[in-house]
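The values are calculated or read from the model by the stated rules, or taken from the named source; none is laboratory data. Quick caveat: nothing in here was measured; it's all calculated off a predicted structure. Virtual Cβ from ideal backbone geometry, glycine too; neighbours counted across all protein chains shown.
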Amino acid sequence: MFLSPLSLIIFLMTNKTHTKKAVFTIGGPASGKSTTLRTLFPGTPVLDCDSIKESHPDYDPKNPQALHVWSREQLTARFFSTVEGDDSFAYDGTGCNVARMHEWMTTARDRGFEIVLLYVTCSAAEAVRRNASRERVVPAEIVLTKHAVVDECFTSIKDHADDVIVFDTEKTPKKAAA
């Protein structure tokens, strides 16, 4: 059965086989993961390093990697606290740390969550262009390095999900500006 992306999302969010979902993103930097996640799963609480970094008093959008270790520690604590609850949530990350993705997906499943993997794609060239135009800039070499391996990471992770959504942000029609 073929479902359009919108029909698929409605199906996933109204499927009553599980009462709670854990949505994990995978995709290179600046592929549109956060935007797609907010659009497809509105109101779902999101765990992500970027927003944690932004909460730090020493946050510099031109050098977000300076707080990476700290934000990763904070994110890990929040993840393990969140999976003890009964509410759906999303984890917004590149998915390039395959071992951690496997561990966290397994942990969430063991606590009764249905696992949804949202793979957000775009070309590396488009990601570099988007990255350069935003306030929070990731070094271009990191954007290119992550985009080069994300397909392989997706292949390693996808079988650990109950549902998989692939969303190409370059091919998806955009709303016309008013």
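Need pairs with beta-carbon distance below 9 Å; first residue surrounded by fewer than 21 Cβ atoms within 10 Å (Cβ to Cβ) and modelled with pLDDT of 90 or more and within segment 32-46, second assigned to a loop (DSSP other than H, G, I, E, B) and not polar (S, T, N, Q); sequence gap 6+ or separate chains. These pairs meet every condition: THR44/ASP87; PRO45/ASP87.
A Cβ distance below 7 Å, combined with a sequence gap of six or more or placement on separate chains, defines the contacts here; from segment 92-103, residues that are of a type in the set (Ser, Thr, Tyr) reach residues that are outside any helix (DSSP H, G or I) in the pairs THR94/ILE26; THR94/GLY27; THR94/GLY28; THR94/PRO29. Can you name every residue in segment 106-124 that is within 14 Å of PHE24 (Cβ to Cβ), assigned to a helix (DSSP H, G or I) and not aliphatic (A, V, I, L, M)? Those that are within 14 Å of PHE24 (Cβ to Cβ), assigned to a helix (DSSP H, G or I) and not aliphatic (A, V, I, L, M): THR106, THR107, ARG109. Applying the condition of being assigned to a helix (DSSP H, G or I) and within 17 Å of the chain's Cα centre (by Cα) to segment 125-141 and asking which residue is surrounded by the fewest Cβ atoms within 10 Å (Cβ to Cβ) yields ARG130. Here ASP58 fulfils each of the conditions (1) part of a loop (DSSP other than H, G, I, E, B); (2) more than 13 Å from GLY27 (Cβ to Cβ); (3) in contact (Cβ under 8 Å) with a residue 12 or more places away in the chain apart from (3). Within segment 47-69, the set of residues being hydrophobic (A, V, I, L, M, F, W, C), more than 21 Å from MET101 (Cβ to Cβ) and either surrounded by fewer than 17 Cβ atoms within 10 Å (Cβ to Cβ) or touching a strand residue (DSSP E or B) at 6+ places or on another chain (Cβ under 9 Å) (or both) comprises ALA66 only.
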